[in-house]
Structure formats: structure tokens, C-alpha cells
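**Student:** Below is the structure I would like to discuss, written out as C-alpha cells.
The values are calculated or read from the model by the stated rules, or taken from the named source; none is laboratory data. Given the structure is predicted, the values throughout are model-derived calculations rather than measurements. Glycine gets a Cβ as well: all are built from the backbone with ideal geometry, and neighbour counts include every protein chain shown. Each accessible area value is taken on the protein alone, full model and side chains, heavy atoms only, with ligands, DNA and RNA left out. Shrake-Rupley method; radii C 1.70, N 1.55, O 1.52, S 1.80 Å.
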Amino acid sequence: MANKTYAFVSLWFALTIPVIFWDAGYCFFRPRSMVGGDLHWIWKPYAIYQNVDYVYGLRAYENGEGFTNAQSALNIVENFMNIAYLYLAHVSGSPVAPLLGFTSAVMTLSKTVLYWLQEYYCGGCSVGHNDFKTLLVYWIIPNGLWLLVPSYIIWVLGRDITAALRVVDRAVQKTKKQ
């Protein structure tokens with residue numbers, strides 16, 4: 001069975017790889033990456049975001065909260081999976097590519113849902129201080145993309161994986177009958 005690829009899935013992975021590395025860099029280089037740090041020029045947009053989402057802000061860093069870097073470490077793993085997916089899907093044509101892309105998308109979705117649930121269960125402890133417009137523009141819409149797009153990727157690649165498994169199952173059943 002030929003390996004099926006989707007431009008949208010590959011484009012998402014290709015576009016998010018540098019974003020994820022950039023974000024992880026900000027987290028791992030705190031406080032140097034934060035406002036006032038010598039490396040802040042690389043992460044200038046975080047001057048706004050660290051005040052929108054306290055997980056990325058000074059308070060979380062000073063309190064030694066580990067969630068930010070823990071999720072960044074998983075982001076790095078996920079990113080290498082995205083790179084491997086692109087290689088397997090477009091260079092080597094491996095049938096493993098859809099499973100790797102599916103797994104990576106499940107990781108992304110799971111981490112993002114965890115992030116949103118954390119905010120819900122702590123009463124908005126990291127983003128609840130924002131007015132609605134700020135929350136919508138800087139947190140809900142950008143983070144919402146990390147819910148919607150991986151969900152779509154899971155659906156598309158999951159459908160293909162399921163179809164391949166059905167083909168194999170039919171072949172196995174046919175062999176058993178002989």
C-alpha cells in the first residue's frame with residue numbers, strides 16, 4: 001500500500017518546527033530570554049506574552065515552577081517526531097510515517113488540553129488576570145490552533161492507519177480460511 005501524504009499535515013509540521021524550537025529556547029534560556037535579559041532580543045514578542053501567560057513569566061520562573069520547562073522538553077521530543085515524520089513521509093516513503101505523525105499530533109493535543117485544563121482547574125491562575133480581548137487575541141486563538149489542527153491531523157492520519165489495518169486484517173482472515 002502506497003504511503004499517502006497530505007500537504008496540510010506536512011505544512012503544519014514544517015511551519016511549527018521552528019516555532020516550537022524558538023518557544024522551547026525561550027523557556028530553557030529564562031531568565032536570559034526574558035525582558036531585561038541579554039538574549040531577550042531573540043524572543044522580543046515574549047515581552048507581551050510573559051505578562052499574558054504567567055506560566056511563561058517571571059513569577060513562574062522565580063517560584064521554580066517546573067511545568068514550563070517540562071512541557072518544553074516534551075515539545076522537543078514532539079518536534080523531533082515531526083522532523084522524522086517529514087523525512088519518513090517525503091524522503092524514504094516509509095509506511096511508519098502516518099503512525100509517527102499521528103503519535104506526534106496526539107502528544108501535541110494532549111499537552112495543549114492539559115494546559116487548558118490546568119487553567120480551568122486552578123481558576124485561571126496564569127491567564128485569568130487578562131481582560132477578554134487580551135485573552136482572546138494572545139491566548140485563546142493561538143492556543144486554540146494547537147487544539148484544532150492536531151485534532152484534524154489525528155482524524156486524517158487515524159483514518160488512514162485504520163484503513164491500512166483493515167486491509168491487513170482482511171488479508172489475515174483470507175489466509176486463515178485457506
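**Student:** Just the residues that are farther than 15 Å from residue 75 by Cα, of a type in the set (A, V, I, L, M), modelled with pLDDT of 95 or more and open to solvent by 40 Å² or more (accessible area, probe 1.4 Å), please, taken from the stretch 1-32.
**Tutor:** Answer for the stretch 1-32, where residues must be farther than 15 Å from residue 75 by Cα, of a type in the set (A, V, I, L, M), modelled with pLDDT of 95 or more and open to solvent by 40 Å² or more (accessible area, probe 1.4 Å): 7, 11.
**Student:** Looking only at the stretch 134-153, decide whether some residue is surrounded by fewer than 13 Cβ atoms within 10 Å (Cβ to Cβ), among the hydroxyl-bearing types (Ser, Thr, Tyr) and not in a loop (DSSP other than H, G, I, E, B).
**Tutor:** no
**Student:** Could you go through the stretch 60-74 and let me know if any residue there is without any contact (Cβ under 8 Å) to a residue 24 or more places away in the chain, open to solvent by 60 Å² or more (accessible area, probe 1.4 Å) and more than 23 Å from residue 40 (Cα to Cα).
**Tutor:** no
**Student:** Next question. If you go through the stretch 90-119 one residue at a time, how many are in contact (Cβ under 8 Å) with a residue 12 or more places away in the chain, more than 19 Å from the chain's Cα centre (by Cα) and part of a helix (DSSP H, G or I)?
**Tutor:** 1
**Student:** Further question on the same structure: So, in the stretch 87-113, how many residues would count as being hydroxyl-bearing (Ser, Thr, Tyr), under 23 Å from residue 165 (Cα atoms) and open to solvent by less than 40 Å² (accessible area, probe 1.4 Å)?
**Tutor:** Number of matching residues: 2.
**Student:** Anything in the stretch 32-59 that is of a type outside the set (Val, Ile, Thr), touching a residue at least 40 places away in the same chain (Cβ under 8 Å) and assigned to a helix (DSSP H, G or I)? List them, or say none.
**Tutor:** Of everything in the stretch 32-59, those that are of a type outside the set (Val, Ile, Thr), touching a residue at least 40 places away in the same chain (Cβ under 8 Å) and assigned to a helix (DSSP H, G or I) turn out to be 49, 54.
**Student:** Now a separate question. Out of curiosity, is residue 84 assigned to a helix (DSSP H, G or I), touching a residue at least 12 places away in the same chain (Cβ under 8 Å) and open to solvent by 20 Å² or more (accessible area, probe 1.4 Å)?
**Tutor:** yes
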